[in-house]
Structures are given as C-alpha cells and as structure tokens.
1. Could you state the angle between the C-alpha long axis of helix 143-177 and the longest principal axis of the C-alpha atoms of the chain, as a value from 0 to 90 degrees rounded to the nearest 10?
2. May I ask you to derive the relative contact order of the range 70-126, considering only C-alpha pairs under 8 Å and at least 6 residues apart, and to give it as an integer percent?
3. Would you work out the relative contact order for the chain, in percent, from Cα pairs under 8 angstrom that are 6 or more residues apart?
4. Out of residues 5 or more away from ASP236 or on other chains, whose amide H comes under 5 Å of its own, with H placed 1.01 Å from N in the peptide plane?
5. Compute the long axis of helix 21-48 from its Cα atoms, compare it with the longest principal axis of the Cα atoms of the chain, and write down the angle in degrees, 0 to 90, nearest 10.
6. Give the accessible surface of the chain per residue, rounded to a whole number of Å², with probe radius 1.4 Å and ligands, DNA and RNA excluded.
7. Would you work out what percent of the accessible area of the chain, with all protein chains in place, is carbon or sulfur (probe 1.4 Å)?
8. Just add up the charged neighbours of ASP262: K/R +1, D/E -1, any other residue whose Cβ is under 14 Å from the Cβ of ASP262.
Amino acid sequence: MNYQSREVKTATIFRLLKQKPGLLLVGSLLTGLPIFMITLFTLIISLTDADFNEVDYEKINRHGKVTSAKVTGIEEQTNVAVNDQHPIVIYYSYTTNDSTINATFRTLESRKVSNLNTGDQIEIKYIESESIITGLEPFKFPLNMVYLIVMPLLVPGIIVWIILLLYVRKALKLYKHGRVKEAELIALISKAGSIFSGLAPSMILHYKYETSRGQKVIGKSTTNDYAVVNTLKSGDLVKIFVSHENEQQSCYIPRLESEYNDWRIY
C-alpha cells in the first residue's frame, strides 16, 4: 500500500546521524584513516613515479620482440626505499623501425646489475616504444602492504556505517510515511554525547501509545530537540510517527524537523 510521502531535507538526515554519536565517531575514524592513508600513498607514488612510464610487463614478456639495447646510465633512486634497499634505475636505448627509443627500467635486484656498466649491451623485449629488460623483475611499490594495514580498520568501519545507515533508513521511513499519533510521555532521559562539540548530548524519550487495535505499546526515541527538556514533563502528550506496516515501530516527531521540513504537524 502506498502512503503520501513527506519531504525530508538533507539537514534532517545529518541530524539523524548525530543521534548516534558513538557510531558516527567510530565509523568516521575507522573509514577516514584508511582512506587518508591510501590517498597519501597514492600521492607519494604518483610523485616518485612521475619520471617513469608504466608498461605492461606481462604482455611484453609474453609477446614482445627480443633485441639488444645499449646501457646509457645506471643510478639508485634514493628517494625511495623498500626494506632499506633503493631501486636501481637503468637507462638504455634501442632502435626499432629506424627510430631510437630511450627507455628506463627499475629493479630491486641489485646483485644482478652490480657488474652492469654504461655502454654495455643488454637483452630486452619490446612492443613498439614500450620495453623491459629480460631476466630482471621490475620494481613496483608494495601497495599490497598498505592494503593489509588498512583493511583491518576499513572493514569494521564499513560495518559500523552500515549499522548507522540502517538506523537512519528506518527513521527516514517513519519521517516520510509514518502515521501521526499522540503518545503519553513516561520519562525523559539525557544521553551523554561526545567530547567533540559537533556530537552533543541527545535526549531519549520513553512514551506509551495505543495501536489501531487498542494494544498498549511502550516506545523509545532519541532526539536532539533540546527544547523538550524545558517544555515537556512526564504525563504530557507528544507527537509521534507510527509505521503503517508495524505499529510497534515509532519515533518522536521533533518540532524543529516539523517546522524545517514544513510538515505542519504542530
């Protein structure tokens, strides 16, 4: 069955998220830190790799043509280290289709290139202007190590966000489609917030109401509508949304959200 939908603005969704400050803080930290680390490492790699063109090593190794090339230079890339070892950069040139191609190749196999000197001939495989040095493994940043570090944080963070979004989804469904009823306030309890000013304490309302079949229901709802502290007391009537599908599900209707979203309930 379809019910008339109310508009819910984006600011209301953010306020719903803030009703669960603990989950919001933990989820933000557990996902924000890994994303920051991945972004930082990606930026570092892009800067250190700016002078090196990436080639398809497997494709060239399988299908490339074999030829000889002349070593034009050898140096260590001192701004990069893996297990206290710097990559060795080999500069070389080769001729194809009457054109001379200048290329570079990086490897951590320093022992294999220790006797290599400028002017030596080496064997390479190439496809057009892309090439590799045969018998040497190319150097690649160990991004898998970064992923192994961040995954133990990222996976729990995603789970926390799923829990938080399921809560918001449930509340939004009531906000958009819930039936307006009155309930009797039983108790109003302050819930501790976070040390961060953006996650201030919230209020928990305990109330009772009747379903359409006359069943008594005790409901509980969290709100950041602090005006209720000064305006409501035990025994007062409050406005709530009740689900059409399951009348056991309900939530308090904050006056702020009613005015902000123009629900015209109060």
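1. It works out to around 30 degrees.
2. On the way: 85 pairs, mean separation 21.3, N = 57.
Here the relative contact order equals 37 percent.
3. 19
4. Close amide H contacts, sequence-distant or interchain: LEU185.
5. For helix 21-48, the angle is close to 20 degrees.
6. 62
7. Using a 1.4 Å probe with all protein chains present, the chain comes out at 54 percent carbon and sulfur.
8. Net charge in that neighbourhood comes out at +2.
The values are calculated or read from the model by the stated rules, or taken from the named source; none is laboratory data. This one's a predicted model, so the numbers in the text were calculated from it and none came from an experiment. Please note: Cβ atoms are built from the backbone with ideal geometry, for glycine as well, and neighbour counts cover all protein chains shown. Heavy atoms of the whole protein, side chains included, go into the accessibility calculation; ligands, DNA and RNA do not. Shrake-Rupley method; radii C 1.70, N 1.55, O 1.52, S 1.80 Å.
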